[in-house]
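Comments concern the structure below.
The values are calculated or read from the model by the stated rules, or taken from the named source; none is laboratory data. The structure displayed is predicted, hence computed values, not measured ones. Backbone-built Cβ (ideal geometry, glycine too); neighbour counts: all protein chains shown. Note: accessible area is taken over every heavy atom of the protein model, side chains too, but ligands, DNA and RNA are not part of it. Shrake-Rupley method; radii C 1.70, N 1.55, O 1.52, S 1.80 Å.
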Amino acid sequence: HPVGLYGRSVNSKGRLNHLYTKGEHQGIFNEKALAVYDEIILAECVLDAVTLYDRGIKNVTCIFGINDFTSELEETLKNKGVKKIYFAFDNEKSANKKALEYAKRFPNITCKMVTLPENVKDINDYFVKGKFTTEQFKTLMLDSEIIHNADQKVFDVEETVENGKANYLFHYTDFQIK
């Protein structure tokens, strides 16, 4: 049974807006995938998850925007046997910071960050405007950076900016990665 609706609108300035039903978000997009696959792609919004699903990538779910990671989804990811999460968020600094923050919630799951090409805004943009293929996206996943390894405990992430580019230093219990 439906627990919510999602849509997009374009305002007079050409800006896209996410539209959800009122109230707290409920439900999990493509929940069956969490029981079937041990590697899950976590998109930033429904549209990006639907785009991946439409391109044949079925091991995908999503949050409801960068600041809306529901406890329902978090608990389901932890309890369904997921071993690896690929954070496929928008191509912006705030999204990268949130992915690092969210990865700390999953001490027993390896987390990786998918990095989109510089001129690409998000997953939908990657496929629609960028005209990239599913195989190219799978290569991005293979090349993605580990932001948390379930075998090692991250206790801090330090961010620095050099020449306008963000750098992250991951401090583990036994060593650090730059």
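For this structure, a couple of remarks:
- Only one of K97, K104 that is open to solvent by 60 Å² or more (accessible area, probe 1.4 Å) and closer than 10 Å to I147 by Cβ: K104
- Output for region 27-66, where each listed residue is more than 25 Å from K129 (Cβ to Cβ) and assigned to a loop (DSSP other than H, G, I, E, B): G27, I28, Y37, D38
- The one condition in (1) of a type in the set (G, A, S); (2) closer than 25 Å to N167 by Cα; (3) exposed (fewer than 14 other Cβ atoms within 10 Å of the Cβ) that A88 fails to fulfil: (3)
- Within region 120-131, the set of residues being in a loop (DSSP other than H, G, I, E, B) and over 18 Å from the mean Cα position of the chain (by Cα) comprises K129, G130, K131.
- Checking V82, V46 one by one, the residue that is farther than 23 Å from D122 by Cα, open to solvent by less than 70 Å² (accessible area, probe 1.4 Å), at pLDDT 90 or above and in contact with a strand residue (DSSP E or B) (Cβ under 6 Å, 6 or more places away or on another chain) is V82 and no other.
- Every condition in (1) of a type outside the set (K, R); (2) surrounded by 13 or more Cβ atoms within 10 Å (Cβ to Cβ); (3) at pLDDT 95 or above is met by D54 except one, and the failing one is (2).
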